[in-house]
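Worksheet: the structure to be examined is printed underneath.
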Amino acid sequence: MPELSELPSRLSVRLHQSGPIPLDADFHCEAGELLALVGPSGSGKTTLLRAIAGLYRPASGRIDCGGEAWFDAGQRLSLSPQRRRVGLVFQDYALFPHLTALGNVMVALDPLPPQERREQAMAWLARVRLDGLADRHPGQLSGGQRQRVALARALARNPRVLLLDEPFSAVDQVTRRRLQRELAMLREQIRIPIVLVTHDLDEAAALADRLCVLHGGRSLQAGPPEALFRRPASAEVARVLDRQNLFEGEVVEEGGARRLAWGAWRLEVAEGLAALPLGARVSWYLPPSDVVLHRRGRPSQGERENPVQARVETLVVLGGVTAVTLAFDHTERTLSFEIATHAARRNGLARGEPVQVSLLATGIHLMGAETPPDMTRMTR
Amino acid sequence: MDWTALSVSLRLAAFTCLLLLPVGLWLGRTLATTRFRGKPLCEALIALPLVMPPTVLGFYLMQSFGVDTPVGGLWQRLFGSGLNFTFSGILLASLVANLPFAVQPIQRAFETVPANLREAAWCSGLSPWQTFLRIELPLVWPGIISALALTFAHTLGEFGVILMVGGAIDGETRTLAIAIYDRVQAFDEAGAGIMSAMLLLVSFLTIGVVYGLAGRRRWRRA
C-alpha cells in the first residue's frame, strides 16, 4: 500500500494583483486540514487554485509550502508545476483519453522503474476501489469512476498539497454523496493540506475544517463553517454565504442601557453593542435558528426577549419543514426561519396573518461596517 | 510506362511529406494553442495555396526562384545552382503548395485537445516534451495521418505548379502527372492510360494505408 509523505507542510498563500483577474487573497492551510474556498462564480477560486499549482502566475505575492517558497513575485521566483508536486483534481477530471485507468495513474509515477510503477498504480486504484477497472479507458468509465481515477492520479505522485477543483460538480447526487464520504475517509490517511474549491456551501460546510470566503478575488474571512455561518465578519460575507436575515440598525441608549434601534423596536443584544459608538449605523444578522415564534394565546419560551410584530409574507412547505418569511412595516427586508410543518398548522400560520416572534439576543450578530450602497444595489 | 517519372513523383511526394511533417506539427500546434496578433493573417497566408490557381502560384514561385531574386540568389550562393528546372526547385514549390494540406488537419487536431490535459500532465510531473510525446501526439495522431495522406496524394497529382517551376526534364522534374500529359500530347493514349491507372493505384494504396493506420484506435474520446 503506497504511503504518503508524513512531512508536515503548511501551505500559505498571499497573492495580489489588480488585473486582468483581480486578486487580493491571504490564507493558509495546515497539514491534514481541509480548507474550502467558497464564493460565487468569478470570485477567483479556480484562479487561486491554479496559482497554487503553478499554472497561473499572479502579478505579486508569495506562496509557501512546508517552508519552501513556490512562488515569490518579489524575487521573480516561480517553480514549475512539475517541481511543486501538487496533486490537482480538475473539475472535468482531465483524464488522458488514450490511456487506461492504470495508464493514467502510472503517468504520475514516472520516475519509478516500470514494474514498481505498475504495482503502485494498481495499489492506488485499489485504494479508490477501482481495482477491477484498471484496463478501461476513461470513455468506458462512469463520472464517479473517472473522478476516482483523477483522485488516484493526483495522490499517486505523493503530492505535498492536494487541490480539488469542484470535484463533485459533474456527478449525480447519489454518487456525489458517496464520493464525499470517501473523501472524508481518505482525509484520515493523508497528512497534507487539502484545498477544495466549491460553490456548494453545504458541501463546503460538510467537508471542510475551515472555509475561506472569496468575493471578487478578495479573501474576506476564514474560519470554521459554523463560526462563519453564525458570525460572518461583514454583510458581504453574509451575502456570499447566502445568509438571509441581514438588517441594518442604529446604536442607541435607552434607560441607561445600549440598545439596537430597528424600526420602532429597541433590541437587546448579548454581545458587541458596548464597543460601538452611540448613533453608529450597523449591519446585523440573525441566524434562522434564533427566531422564536410565539404561540397564539399562550406564552412561550423567550417571549419577553426582543418581541417584534410582523406579518407572514410567504409560507413554503418542504415536507416536514415549513420555510416562513416575515415582512415588516419599516423595512423592505424580510426575516426567514423554518419551523416544523405541524407547528405552522397548529399556529394557524397563513399568508398576510400577523404574528409575533422573539429575536434571541444571543443570536444577534453585529457587523461593524455599514454596507456600501453599491453592494446593496448589486444584491437587491 | 515511364518508371523514371514514377520514381520522380514518389521521391517528390516522400520528401514533401518528410519535410512538411515537422513544419506542420510546429505551425499547427502553435496556431491551435496560442493567441497572437496577426494570427488570422498567418492562417490566411497558409491557406492561400488552396484557393490560388496552381499556374498562378507556379508563376510567382518561378519568378521568385530566378537567380536574380533574393530566394533564388540565396540558393545559388548556398548550393551553386539555380532552383528553376531542378528537383530542389519543384520540391520547394511543392512544400509551399502543400502547406495548407499539412498544417490544417494538424491544427484542427490540436484544437480538439483540451488545454487542461496538458496542465494535468505537467501536474503529474511530465515535462513539456514528455507531455508532447506521450499525451499530445497520440491524441493528434489521426490529424497527422490525414495531413500526410493529403500531402502525399496532392503532391502525386500536382501539375500546374510543377510544370511552371520545373518544366518536364526527364529524371529531374518530369513527374508522372506531367508524363501523362506529354503522352496525350504525343497521341500515346495507351501509355497515358497505363500511367493514369498506376497513379490511381498508388493514390488509392496510400490513402488506404494511412486511413487504416488512423482507424487503429482502441479508445474513444470521453
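Output yes when any residue across region A:111-125 is aromatic (Phe, Trp, Tyr), assigned to a helix (DSSP H, G or I), surrounded by 20 or more Cβ atoms within 10 Å (Cβ to Cβ) and within 14 Å of chain B (Cβ to nearest Cβ), and no when none is.
Within region A:111-125 (the criterion being aromatic (Phe, Trp, Tyr), assigned to a helix (DSSP H, G or I), surrounded by 20 or more Cβ atoms within 10 Å (Cβ to Cβ) and within 14 Å of chain B (Cβ to nearest Cβ)), the answer is yes, since at least one residue qualifies.
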Could you check, for region A:365-379, whether at least one of its residues is under 23 Å from A:LEU267 (Cβ atoms), modelled with pLDDT under 90 and assigned to a helix (DSSP H, G or I)? yes
From (1) on the phi > 0 side of the Ramachandran plot; (2) within 14 Å of another protein chain (Cβ to nearest Cβ); (3) hydrophobic (A, V, I, L, M, F, W, C), pick out the condition that doesn't hold for B:ALA121. (1)
What number goes with the only condition from (1) farther than 24 Å from B:GLY160 by Cβ; (2) surrounded by 15 or more Cβ atoms within 10 Å (Cβ to Cβ) that B:LEU95 does not pass? (1)
Can you tell me which residue is farthest from the other protein chains (Cβ to nearest Cβ) among those in region A:48-90 that are in contact (Cβ under 8 Å) with a residue 40 or more places away in the chain, under 18 Å from A:ALA108 (Cα atoms) and assigned to a loop (DSSP other than H, G, I, E, B)? A:ARG85
Sort out which residues of region A:96-110 are closer than 27 Å to A:ARG191 by Cβ and facing chain B (nearest Cβ under 7 Å), and write them in order of number. A:VAL107, A:ALA108, A:ASP110
So the helices (runs of 4 or more DSSP H) completely within region A:175-245 holding 2 or more residues that are surrounded by fewer than 17 Cβ atoms within 10 Å (Cβ to Cβ) are A:201-207, A:225-230
It is to be established whether one or more residues within region B:178-189 are in contact with a Ser or Thr (Cβ under 7 Å, 6 or more places away or on another chain) and either surrounded by 17 or more Cβ atoms within 10 Å (Cβ to Cβ) or in a helix (DSSP H, G or I) (or both). yes
Taking region A:302-356 and keeping residues within 18 Å of A:GLY249 (Cα to Cα), assigned to a loop (DSSP other than H, G, I, E, B) and touching a residue at least 40 places away in the same chain (Cβ under 8 Å) leaves A:GLU305, A:ASN306, A:PHE328, A:ASP329, A:HIS330, A:THR331, A:ARG333, A:THR334
Reported set for region B:64-115 where residues are among the hydroxyl-bearing types (Ser, Thr, Tyr) and more than 30 Å from B:THR34 (Cα to Cα) is B:SER64, B:THR69, B:SER81, B:THR86, B:SER88
Are any of the residues in region A:254-265 part of a loop (DSSP other than H, G, I, E, B), of a type in the set (Asp, Glu), on the phi < 0 side of the Ramachandran plot and surrounded by fewer than 18 Cβ atoms within 10 Å (Cβ to Cβ)? no
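The values are calculated or read from the model by the stated rules, or taken from the named source; none is laboratory data. Note that the coordinates shown come from a computational prediction; the quantities given were computed from them, not determined experimentally. Glycine also receives a Cβ, built like all others from the backbone with ideal geometry; neighbour counts cover every protein chain displayed.
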